[in-house]
Structures are given as C-alpha cells and as structure tokens.
Amino acid sequence: MPVVTLTINDKLVSARSERTILEAARDAGFEIPTLCHLEGLTPRGGCRLCVVEVEGSPRLFASCVTQVQEGMVVRTDTERLQNYRKMMVELLLAERNHICAVCVMNGHCELQSLAAKLGVDHVRYDYLCPDLPVDASHERNTKDPNRCILCGRCIRVCDEVEGAHCLDMMGRGIHCNVITGMNQEWGKSRSCTSCGKCVEVCPTGALFKKGMSAAEMEKHKDFLIWILDGRDKKVWHWTR
Ligand code: FES
C-alpha cells in the first residue's frame, strides 16, 4: 500500500494512499468536526461540517470523502472554515425544530455540542418550523423527524451492520425524510429487527428509546467498532 506525504496545518504527515484527509488529520492529532461521519460506516459526505481547504483550489473539500494525495497542502481550521461550519450548523438548526429544552437528548446531543463549540449563540436564518408526525408505534423506540438532521447514520448502520435495511431516505430537498419499511409505521415494519443500532448512532433526539429521561438518554456508539472488529478478527472482547 503506497504511503503519501502531505502537509496538514504546516505539519508534515504520512498516510496510506487510501486514507481520507479526515483520517490522516485525526491520526496527526487535528480535530475536524463531523456529523454524518461515523467510524465503521461508509462515509457519506452529506453534512459538510468536515470541510477543509486544499492549497491550489478555491473550493472546499469534505475531508471525510476526500483521499489524501502526495504533496497536498491542507488547512483544517481557518476563519473561512469556521464561518462555513457555523453557517452549516445554523442552517441545520433552522431547518427543523431543535428546541433543546424540550428534547430528550438535551445535554447528550452532538448537534447541540457542536453548536456550542462553534459559538452558535443565535441563528441568522428564518426557522422553517415544520410540523412532522412523530412515530411512536415501535415497542421500544420512537422516531421524531422534527429533530432529524438527515445525516443517514441510522440508515447506514441498519443496512451495513445489521443487514436489515429497514430504514431509508425518501423525498428530496426540504421534503426529505427517513422512513421505515415501505414508508410504514415503524411498529408495522417487518424488516425491523428491533436491534436498536439506529438509535445508538443517531446524533440527535430524532431516534430515542422509550421510557428514558433526558438524563438517562445517553447513546453508545462504541458497539460499532466492537462488532466490526469482532467480525473481522473473530475476537470478541467487550472492553466498555
Ligand atoms: Fe464529512 Fe459530514 S462528516 S460531510
């Protein structure tokens, strides 16, 4: 596997040629915010939070889906990038109803933490305030599309790890939604195995377990690497 050398934030970094900029940057100790990306799932490049600048190009690159190249010069934390990321989070907050005070994920939400980290103290865009129906038909879990950021993690984990493909995306643009089965109620979808993986990887309160208070509703994504590692190496050591 060829190894390439690139520069990230003035630091010389070596990485295998199939690695992404995000992986190389994180290996080198640089933090890049992500929402749709989750280690163990196929990268999607949907949220654009992980954008970086690459010298010689005026456009921004989603680092989770851009492979490293020999001689690349990358910057991960310029003022332009910070402004762009802030704008992306504001747009997400404006698109649906992210009212943290009445959300079960308050205090454990990735979107909320990211907004705080990026200094989003207000939203400059008009709130769209859609009124989307909540699906509480499943015996264990609830789907609240009003909190969904359409990152697609739930869909990918259901398809790639559980192998059920119960969840999918329907519609376009502002009418885009995560559906269960053939756009049936979750509780009636026969392809759902009730494994709960989708709930654990959801970054917001769009998917949550029933009967949990805000204080209890912590999600655990570390099961993903454990499962994938176990399948790969046939070794099953639970370390949590
Ligand atoms: Fe790269 Fe979402 S994390 S686009």
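The values are calculated or read from the model by the stated rules, or taken from the named source; none is laboratory data. Because the structure is predicted, anything quoted here is derived from the model rather than measured. All Cβ positions, even for glycine, are placed from backbone atoms using ideal geometry, and neighbour counts span all protein chains on display. Side chains included, ligands, DNA and RNA excluded: accessible areas come from the protein's heavy atoms. Shrake-Rupley method; radii C 1.70, N 1.55, O 1.52, S 1.80 Å.
At-a-glance table
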read-out	value
Subset of the stretch 215-239 (residues that are closer than 26 Å to T142 by Cα, part of a loop (DSSP other than H, G, I, E, B) and open to solvent by 40 Å² or more (accessible area, probe 1.4 Å))	A215, E216, E218, H220, K221, D222
Residue satisfying all of: in the stretch 73-122; touching a strand residue (DSSP E or B) at 6+ places or on another chain (Cβ under 9 Å) and without any contact (Cβ under 8 Å) to a residue 60 or more places away in the chain; nearest to R147 (Cα to Cα) among these	M88
Which listed residue is in a loop (DSSP other than H, G, I, E, B) and surrounded by 15 or more Cβ atoms within 10 Å (Cβ to Cβ), from C151, C158	C151
From the options D121, D131, D135, residue that is open to solvent by less than 30 Å² (accessible area, probe 1.4 Å) and acidic (D, E)	D135
Residue, farthest from C151 (Cα to Cα), within the stretch 42-69, restricted to residues that are assigned to a loop (DSSP other than H, G, I, E, B), more than 7 Å from the ligand (Cβ to nearest atom) and open to solvent by less than 30 Å² (accessible area, probe 1.4 Å)	V68
The lone exception for C103 - which of (1) more than 15 Å from I179 (Cβ to Cβ); (2) open to solvent by 30 Å² or more (accessible area, probe 1.4 Å) it fails	(2)
